[in-house]
């Protein structure tokens, strides 16, 4: 998973957008059925809100989750694209409750740790 994140997502805005567009569609953020994959290849995240996606991804931020690095990176990327998602407070609380457990985890990658620290900082800013 780390190789995928490093080569397909990090430092590639189109890859980040494709990842978020895919996730958003998969969790039902988009209002209509897509008949082709063209929406995934958009250069920016689509017109969806992101609240449902954030909740779904936050549920996957757990030490025993098989794709925890991808979920952490996707939350980090989503908050870069949609920082206002933390203003509701609900999403920030859900994430904040998971951070201590994850940051104490030995299985966490260095990138995952950096991204979680960045997420924690974004939550603090949103709550200030």
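The values are calculated or read from the model by the stated rules, or taken from the named source; none is laboratory data. Everything numeric in this text was worked out from a predicted model, so none of it was measured. Neighbour counts are summed over all protein chains in view; Cβ atoms, including those assigned to glycine, are modelled from backbone coordinates with ideal geometry.
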Would you be able to tell me the number of residues in the stretch 66-78 that are under 15 Å from residue 44 (Cα atoms) and surrounded by fewer than 23 Cβ atoms within 10 Å (Cβ to Cβ)?
0
Would the stretch 96-114 turn up any residue that is surrounded by fewer than 18 Cβ atoms within 10 Å (Cβ to Cβ), at pLDDT 85 or above and closer than 21 Å to residue 14 by Cβ?
yes
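What number of residues in the stretch 8-30 are assigned to a loop (DSSP other than H, G, I, E, B) and either more than 11 Å from residue 77 (Cβ to Cβ) or at pLDDT 85 or above (or both)?
5
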From (1) modelled with pLDDT of 90 or more; (2) closer than 13 Å to residue 119 by Cα, pick out the condition that doesn't hold for residue 52.
(2)
Got a sec? Which of 82, 93 is exposed (fewer than 15 other Cβ atoms within 10 Å of the Cβ), under 24 Å from residue 125 (Cα atoms) and either out of contact with any helix residue (DSSP H, G or I) (no Cβ under 8 Å at 6 or more places or on another chain) or at pLDDT 85 or above (or both)?
93
When the stretch 50-65 is checked residue by residue, the ones that are under 14 Å from residue 91 (Cα atoms) and surrounded by 13 or more Cβ atoms within 10 Å (Cβ to Cβ) are 50, 51, 52, 53, 54, 55, 56, 57, 58, 60, 61
